[in-house]
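**Q** Once you've had a glance at the structure underneath, I'll fire off some questions.
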Amino acid sequence: MKYEAPETIDQAIDIYSKFNGSKKILAGGTDVLVQLRTDIVRPEMVMNIKKINSLHEFCIVDGYWKIGAAVSASKITKNTAFISEWPGIAEGVGLIGSTQIQNRATLVGNLSNASPAADGIPALVAANAKVEIVGQQGSRVKDVYSLIEGPGKLHLSKDEFITHILIPLQRDRSADCYLRFIPRTEMDIAVVGCGVNLSVKNQSISSAKIVLGAVGPKVIFADEAAELVLNSRLDKDVILKLQRMCEEIATPISDKRGSIRFRRQVAGVLAKRALQKAYARALEVS
Amino acid sequence: MAFDNVSAKSFKVVGTRPERPDGIEKVTGQARFGADAYLPGMLHGAILRSPHAHAKILSIDISALENDKSVKAVVTRNDFECNLTGEDWNILENIMAGEKALYDGHAIAAVACSSLLEAKDALKKIIVQYEILPHVTDVEEAMKENAPVIREGSARSSVPKGMHPNIVGYHESGHGDVEAGFKEADLILEENFRTEAAHQGYIEPHACLATMMPDGKGEVWCCTQGHFNVAKVCAKLLGSDASQIRVTASEIGGGFGGKTAVFIEPVALALSKKATHPVKIVMSRNEIFRATGPTSSTSMHVKIGMKKNGKITAAEGTFKLQGGAFPGSPMAESAMCAFAPYELDNVRSVGWDVMCNRPKQAAYRAPGSPMAAFAVESIIDEFCKRLKLDPIEVRLINAVTEGSKSSYGPKFQRIGLVETLEAAKSHPHYAAPIERGVGRGISCGFWFNFGGETCVSLALSEDGTASLSVGTPDIGGSRASMSQIVSEELNIPYEKVRATVADTATLGYNEISHGSRVTFATGLATIKAAQDMKKKLCLRAAKVWGLDEEAVYWEEGYVKPAGPNAGDHEPLSIADIAKTMGRTGGPIVGHYEASPEGAGVSFATHIVDAKVDKETGFTSIERYTVIQDAGKAIHPSYVEGQFQGGAAQGIGWALNEEYIYDKKGILQNAGFLDYRIPVASDLPKIDTEIIEVPNPGHPYGVRGVGETSICPPLAAIANAVSSSAGIRMKQLPMSPPKILEAMDDNNG
Ligand SMILES: Cc1cc2nc3c(=O)[nH]c(=O)nc-3n(C[C@H](O)[C@H](O)[C@H](O)COP(=O)(O)OP(=O)(O)OC[C@H]3O[C@@H](n4cnc5c(N)ncnc54)[C@H](O)[C@@H]3O)c2cc1C
């Protein structure tokens, strides 16, 4: 196995696109190293991107929060300006593993690993985040939702990799939230996850995105459920309808982590709770 | 000189909390565990495992490895002894399959290469042809008439004729007339209970480094609870002599009973013998779940009759335990422990040992007792609810005391169950108001404890310090406790004693560190060895002074002349005698070897507050209190640690831990991600209270403490959860999906 650790983006593009065998990008390695150890992947080349300075960027540029592919989860959960704007995205990142894992792990790695249960993805999708991609042909921008093909798969060509996540600045009177359900309190994998991003006007919800995780091969937009809560103040009957709707929208499988019935039920509960929390936050900022 | 009547009252060191002697190495990462040994020319072994739950092995083709230069040795069943019987045969059959693969993960062959990666690749080139057979993993299914047969002829003579061949053991105990007893009852409750297999979950994987010379001389470094047993088993399986295989126990990262069994050491030795190089094997977590022993899963039925005032009139239980593809599940222990806390006129307990296509069960803290307590104590809780009785009062009314006839036969000597219940009753936890939505659960638990073959040696150094060699791996702080005992006996500071776990060539046979026996048995041996040394110190002083043995005596670390007739000699300290011992008669060493009887049984009472989120089925443990009789706590911090550890493991077992098999009998959750032991944040602060009712069978009154602490939690938590959720939970684990399901079923 070959190990590369380029120090510039150009070198990285060159090395990555010219290598024809099986290859893996190594960011924090908290997915890759585990997969190597357990013989799930055995790439011929591994390219470490943590040595590339420009990928450690974490700042606001042209109306977007720009988070480099080498930025650790800990950096995100410690950035107070970012947290106050996107508490839900930060919540998702803050749920990944433990302190030790978060010191290594990256949000781009979480997204690129494309696990249906990834905690970083639902809130990113609810926020309408995008990624910047580079390859031999130059760079392009794509939204996170359509980047994901399915479990473990992204719509990227062989020579491409991600350099940054782009998150639009949060609108006024708006807030997001991410909640997940696990049978323990931490160090576990989401049985269901739910990201919500909403805006309020005169105490009523004026726009909402509800995104369910771990209940399908990729994240699910619960648009019909989101429509239900528009112009509402989350009264009891609205909440009940929303809960039932999310139970129906979820398309989970039955496995060792829970039955279809259980996951649908919890999807409804989480959507309710995430919505209530995001709503309360939005009222607070407005 | 009589040293036998030690005053149990005036301890100086015993009962204090000195720093642990293994602390610095452990917190700085320098302690050497099983995988931390290296030798020049060392190879790495890897084991090929069955992907099927039950299959005939038609052929094992290793021809692809024959010209592979990276492969230094390959072994299969043919490389081990062939004339074994009984448990020796069972162990061999478990660590290397013979004619059939008996469970998912059963070892089929092993290789040794220069690197682990090469070894793993080599395994992929071995071609095994299987004929897949029908399988069974459920204890009830395995007993049915048409169940696939694991192995004919495995049943013990206790099993009635005409039973299914998977039923391999039967146990019955009790006394009185249960039918008559039930007639006297005002209320009879009976119920079925199920529990899933739970793994001990030790963090350190099994690991060993083994060397075997062509002449049969072997050396093994491994993490184990019993290295003498490793030597014995390896010798049998390889046709060598136990004395020729020297085993050294590494530091151990948890065992909880699971490291009393032998899995990889004979394989590493067999590989080493062929390769003529040292071979290291380290199990992956996946292998640990699939091929080492969890405790049994169970199906139980319990029926109890009670008077309106809470007095039990009769109790009856049936305990079916599967122990994997081999006989030996702890069903007799379940049956014997189930009703042990209660004084019953009429009681009957039956146990069934059943084989399934699962890994061979291994001991797990108080094997069999926690599950039985879950069934019995759940029913007692239900009585309390229906008859509106206080759960502690009901248990006090029925509690066994000194002289009670136990449900399993013998009369109890002095015991401390009532003391734990009284302490629970007056504990602030029991008095605290119960918040809305929270349920409180109570349970008692019982374990026998044990003695066993024990041998220690205590050597005096020239500078007056002492070196203690024990043969029981330190799995719970025993080096600290043993050093305290030596310090207490010899009147030298704790820091001047070093306790070492000696290898198998250094001491006589020591039984495994199990059965909560070490502080009792090794502790007793250490007291006796220290007394032996004191006697020798007296003799030596007498010799120096030219006196008879009777003319000197031991007091507070000095040998003194006994009275004016003996002459006017300055008392001699240990250090004085040690300094000149080379010239006055040679080394001074205290010994003791025996199989001490007199282990004292112990009881515990636990109090738990749990809160169930009724929308998701998630349970949080809000408060937990362990009250247990330790007899005498040598090092109270370690005792508290054992209490808390039992509760922590019980919380995992009760709430989330389980073996999940798919339709093909393949284990679905062979890793810590989906086999959910509790993480630190799942646990509340676990409060402890040590009760000390001395065990009359030990000079200091010590009982074991390691196992009793895991007996009450399953029931106590189930009682708390049932109360919070408003339904009786009769199946473990009470994971969120199962709680929601039970609540749904209850709502119709
Ligand atoms: C103990 C433990 C607990 C965990 N808990 C959680 C949890 O609670 N929730 C959760 O969601 N995850 C969890 N994870 C998974 C993992 O930590 C996260 O997915 C993490 O965010 C991955 O980031 P990384 O930088 O370590 O990725 P890496 O392992 O470096 O990479 C992950 C994948 O993304 C690819 N990749 C990385 N960077 C790029 C890039 N720039 N362009 C294209 N592809 C790229 C890699 O090739 C690889 O396939 C846990 C892992 C461990 C070991």
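The values are calculated or read from the model by the stated rules, or taken from the named source; none is laboratory data. Owing to the predicted nature of the structure, the values given are computational and were not obtained by experimental measurement. Neighbour counts run over all protein chains shown; Cβ positions are idealised from the backbone, glycine included. SASA here: full protein model, heavy atoms, side chains in, ligands and nucleic acids out. Shrake-Rupley method; radii C 1.70, N 1.55, O 1.52, S 1.80 Å.
**Q** Got a sec? What order do A:Tyr3, B:Tyr675 fall in by accessible area at 1.4 Å, biggest, i.e. largest, first?
**A** Order by accessible area, largest first: A:Tyr3, B:Tyr675.
**Q** Using the Karplus curve 6.51 cos²θ - 1.76 cosθ + 1.60 with θ = phi - 60°, work out ³J(HN,Hα) for each residue of the stretch A:58-65 in order, rounded to whole Hz, and write x for Gly and Pro.
**A** Values per residue, Gly and Pro as x: 8, 7, 9, 9, 6, x, 10, 6 Hz.
**Q** Give me the orientation-averaged projected area of the Cα convex hull of the stretch B:55-203, in nm², one decimal.
**A** Computed as one quarter of the Cα hull surface, the answer is 14.5 nm².
**Q** For the residue pair A:Gln276 and B:Ala594, what label-to-label distance in nm results when each label sits 7 Å from Cα along the Cα-to-beta-carbon direction?
**A** 6.5
**Q** Check cross-link reach from B:Lys320 to the aspartates and glutamates: straight Cα distance under 13 Å, and skip same-chain residues fewer than eight apart.
**A** B:Asp138, B:Glu140, B:Glu141, B:Glu172, B:Glu196, B:Glu333, B:Asp353
**Q** I've got another one for you. Using the basic label-point model (7 angstrom from Cα toward the beta carbon), what is the A:Asn103 to A:Ala5 distance in nanometres?
**A** Placing both labels 7 Å along Cα→Cβ, they lie 1.7 nm apart.
**Q** Quick check for me: using +1 on Lys/Arg Cβ and -1 on Asp/Glu Cβ, what's the dipole size of the stretch A:33-157 about its Cα centre, in debye to the nearest 20?
**A** Dipole of the stretch A:33-157, to the nearest 20 debye: 320 debye.
**Q** How much accessible area does B:Lys579 have with a 1.4 Å probe, in Å² rounded to the nearest 10?
**A** The accessible area of B:Lys579 comes to roughly 130 Å².
**Q** When only the heavy atoms of the protein chains count and the probe is 1.4 Å, how do A:Arg264, A:Arg233, B:Arg728 rank by accessible area, highest first?
**A** Ranked list, largest accessible area first: A:Arg233, A:Arg264, B:Arg728.
**Q** What number comes out for the charge environment of B:Glu435, summing +1 per Lys or Arg and -1 per Asp or Glu over other residues with Cβ under 11 Å away?
**A** Once positives and negatives cancel, what remains is +2.
**Q** Can you give the accessible area buried between chains A and B, summed over both chains, with a 1.4 Å probe, in Å² to the nearest 100?
**A** 2200
**Q** When the accessible area of the stretch B:1-156 is split by element with a 1.4 Å probe, what percent falls to carbon and sulfur?
**A** For the stretch B:1-156, the apolar C and S fraction of the accessible surface comes to 51 percent.
**Q** Let me ask something else about it. Name the residues of the stretch B:725-748 whose accessible area falls by at least 40 Å² when all protein chains are present instead of the chain alone, probe 1.4 Å?
**A** Residues passing the criterion (a loss of at least 40 Å², heavy atoms only) are B:Pro737, B:Leu740, B:Asp744.
**Q** Once you've got the Cα coordinates, tell me which of B:Lys120/B:Lys360; B:Lys56/B:Lys161; A:Lys50/A:Lys142; B:Lys311/B:Lys611; A:Lys277/B:Lys685; B:Lys308/B:Lys611 are over 32 Å apart.
**A** On the way: B:Lys120/B:Lys360 24 Å; B:Lys56/B:Lys161 27 Å; A:Lys50/A:Lys142 22 Å; B:Lys311/B:Lys611 30 Å; A:Lys277/B:Lys685 29 Å; B:Lys308/B:Lys611 30 Å.
Where the Cα-Cα span goes over 32 Å, no listed pair is concerned, since all stay within it.
**Q** Still on this structure, please answer the following. Lys/Arg Cβ at +1, Asp/Glu Cβ at -1, dipole of the stretch B:281-330 taken about the Cα centre: which of B:Leu321, B:Ala291, B:His301 is farthest positive-ward?
**A** My answer, from the dipole projection, is B:His301.
**Q** Could you give me the ³J(HN,Hα) list for the stretch A:3-11, computed from phi with Karplus coefficients 6.51, -1.76, 1.60 and θ = phi - 60°, whole Hz, x at Gly and Pro?
**A** After applying 6.51 cos²θ - 1.76 cosθ + 1.60, I find 10, 10, 9, x, 10, 10, 4, 4, 4 Hz.
**Q** OK, next. Label A:Lys78 and B:Asn78 with points 7 Å out from Cα along Cα→Cβ: what is the distance between them in nm?
**A** 6.1
**Q** Which of the residues in the stretch B:637-679 lose at least 10 Å² of accessible area when you go from the chain alone to all protein chains together (probe 1.4 Å)?
**A** In the stretch B:637-679, residues shielded by partner chains: B:Asn656, B:Ile660, B:Gln668, B:Phe672, B:Leu673, B:Asp674, B:Arg676, B:Ile677, B:Val679.
**Q** Rounded, prolate or oblate, given the Cα gyration tensor of the stretch A:1-102, with a/c below 1.5 counting as rounded? Write out the running numbers ahead of the final one.
**A** Details: a/c = 3.02, a/b = 1.49, b/c = 2.02.
In terms of gyration-tensor shape, oblate.
**Q** Moving on. With every protein chain left in place, what is the accessible area of B:Lys307 in Å² (1.4 Å probe, nearest 10)?
**A** 70
**Q** Dipole of the stretch A:174-285 (Lys/Arg Cβ +1, Asp/Glu Cβ -1, origin at the Cα centre): which of A:Ile210, A:Met245, A:Pro183 lies farthest to the positive side?
**A** Towards the positive end, the residue furthest out is A:Pro183.
**Q** Please compute the Kirkwood hydrodynamic radius over the stretch A:174-285, one decimal place, Å, based on all pairs of different Cα atoms.
**A** Kirkwood radius, the stretch A:174-285: 13.8 Å.
**Q** Between A:Asp62 and B:Glu25, how high is the FRET efficiency from 1/(1 + (r/R0)^6) when r is the Cβ-Cβ distance and R₀ = 56 Å? Nearest 0.05.
**A** Result of the calculation: an efficiency of 0.50.
**Q** Could you derive backbone 3J(HN,Hα) for the stretch B:223-240 from the dihedral phi with the Karplus parameters 6.51, -1.76 and 1.60 (θ = phi - 60°), listing whole Hz in sequence and x where the residue is Gly or Pro?
**A** Each residue of the stretch B:223-240 in turn: 9, 7, 8, x, 6, 5, 5, 4, 4, 4, 5, 4, 4, 5, 6, 10, x, 10 Hz.
**Q** Please list, ordered by chain and number, the residues whose modelled amide H lies under 5 Å from the amide H of B:Ser329; skip anything fewer than 5 residues away on the same chain.
**A** Placed amide hydrogens put B:Gly323, B:Val354 under 5 Å from B:Ser329.
**Q** Turning to a different aspect of this structure: Mind listing the Cα extents of the stretch B:338-484 along all three principal axes, in Å, largest one first?
**A** 69, 45, 37
**Q** Same structure again: Just to confirm a number: summing +1 for Lys and Arg and -1 for Asp and Glu over residues other than B:Thr292 whose beta-carbon lies under 11 angstrom from that of B:Thr292, what do you get?
**A** +3
**Q** With every protein chain kept in the model, how would you rank B:Phe339, B:Phe618 by accessible area, 1.4 Å probe, largest at the top?
**A** Ranked list, largest accessible area first: B:Phe618, B:Phe339.
**Q** Work out, in µm²/s and without decimals, the Stokes-Einstein translational diffusion coefficient of the protein assembly as shown at 4 °C, 1.567 mPa s, Rh from Kirkwood over C-alpha pairs.
**A** Result for D is 41 µm²/s.
**Q** Treating the beta-carbon of each Lys and Arg as +1 and of each Asp and Glu as -1, no other charges, what is the dipole magnitude of the stretch B:347-417 about its Cα centre, to the nearest 20 debye?
**A** Details: 11 positive and 7 negative charges, 39 e Å.
Here the size comes out at about 180 debye.
**Q** Right, here's the next one. If amide hydrogens are placed 1.01 Å from N in the peptide plane, which non-local residues have theirs closer than 5 Å to the one on B:Asp629?
**A** Hits under the 5 Å cutoff: B:Phe603, B:Ile691.
**Q** Roughly speaking, what is the centre-to-centre gap between the stretch A:32-48 and the stretch B:61-133 when only Cα atoms are used, to the nearest Å?
**A** Measuring centre to centre over Cα atoms gives 27 Å.
**Q** Place +1 on the Cβ of every Lys and Arg and -1 on the Cβ of every Asp and Glu in the stretch B:546-621, take the dipole about the Cα centre, and give the residue among B:Trp554, B:Ala594, B:Val608 whose Cα lies farthest towards its positive end.
**A** It is B:Val608.
**Q** Oh, and also: With a ≥ b ≥ c the root eigenvalues of the C-alpha gyration tensor of chain B, is it rounded (a/c under 1.5), prolate (a/b larger than b/c) or oblate?
**A** Since a/c reaches 1.5 but b/c is at least a/b, the shape of chain B is classed as oblate.
**Q** Could you give the accessible area per residue of the stretch B:512-605, probe 1.4 Å, as a whole number in Å²?
**A** Value returned for the stretch B:512-605: 43 Å² of accessible area per residue.
**Q** Could you let me know the centre-to-centre spacing of the stretch B:319-339 and the stretch B:458-500, using Cα atoms, in angstrom?
**A** For the stretch B:319-339 versus the stretch B:458-500, the Cα centre distance is 38 Å.
**Q** For the stretch A:170-254, state which GluC sites (Glu not before Pro) are in a DSSP loop and have at most 16 other beta carbons lying within 10 Å of their beta carbon.
**A** Passing both the DSSP loop test and the Cβ count: A:Glu186.
**Q** Mind jotting down the distance between the C-alpha centroids of the stretch B:606-647 and the stretch A:237-276, whole Å?
**A** Value for the Cα centre distance between the two parts: 33 Å.
**Q** Shifting gears a bit: Could you pull out every residue, at least 5 positions away or on a different chain, whose amide H is within less than 5 Å of the one on B:Tyr659? Hs are placed 1.01 Å off N in the peptide plane, and Pro or chain starts have none.
**A** Under 5 Å from the amide H of B:Tyr659: B:Ala197.
**Q** Taking GluC sites (Glu not before Pro) as candidate sites, keep only those in a DSSP loop with at most 14 other Cβ atoms within 10 Å, then name the longest stretch of chain B containing none of them.
**A** Counting at most 14 other Cβ atoms within 10 Å as exposed, the longest clean stretch of chain B is B:153-401.
**Q** So for the stretch A:2-168: antiparallel DSSP bridges make up what percent, rounded to the nearest 5? Let's see the in-between values first.
**A** On the way: 23 of 30 bridges.
Around 75 percent of the beta bridges assigned by DSSP in the stretch A:2-168 are antiparallel ones.
**Q** Using a 1.4 angstrom probe and counting only protein chains, how large is the accessible area of B:Phe228 in Å², to 10?
**A** 10
**Q** Could you tell me what percent of the DSSP beta bridges with both partners in the protein assembly as shown are antiparallel, to the nearest 5?
**A** Here the antiparallel bridges make up roughly 80 percent for the protein assembly as shown.
**Q** Considering only the other residues whose Cβ falls under 14 Å of the Cβ of A:Arg140, what net charge follows from Lys and Arg at +1 and Asp and Glu at -1?
**A** Here the charged neighbours net out to -2.
**Q** Please report the carbon-and-sulfur percent of the accessible area for the stretch B:591-674; probe 1.4 Å, protein heavy atoms only, DNA, RNA and ligands left out.
**A** Summing carbon and sulfur atoms, their accessible area is 49 percent of the total for the stretch B:591-674.
**Q** With +1 on each Lys and Arg Cβ and -1 on each Asp and Glu Cβ, and nothing else charged, work out how big the dipole of the protein assembly as shown is about its Cα centre, in Debye to the nearest 20.
**A** I would put it at about 1800 debye.
**Q** What fraction of the DSSP beta bridges in chain B is antiparallel, stated in percent and rounded to the nearest 5?
**A** 75
**Q** While we're on this one: Give me the Å³ per residue figure for the convex hull around the C-alpha atoms of the stretch B:661-704. Could you put the intermediate results ahead of the total?
**A** Numbers: hull volume 7.8 nm³, N = 44.
For the stretch B:661-704, the hull spanned by Cα atoms encloses 177 Å³ per residue.
**Q** In chain A, what percent of the accessible surface is made up of carbon and sulfur (1.4 Å probe, ligands and nucleic acids excluded)?
**A** Answer for chain A is 50 percent, counting heavy atoms of protein chains only.
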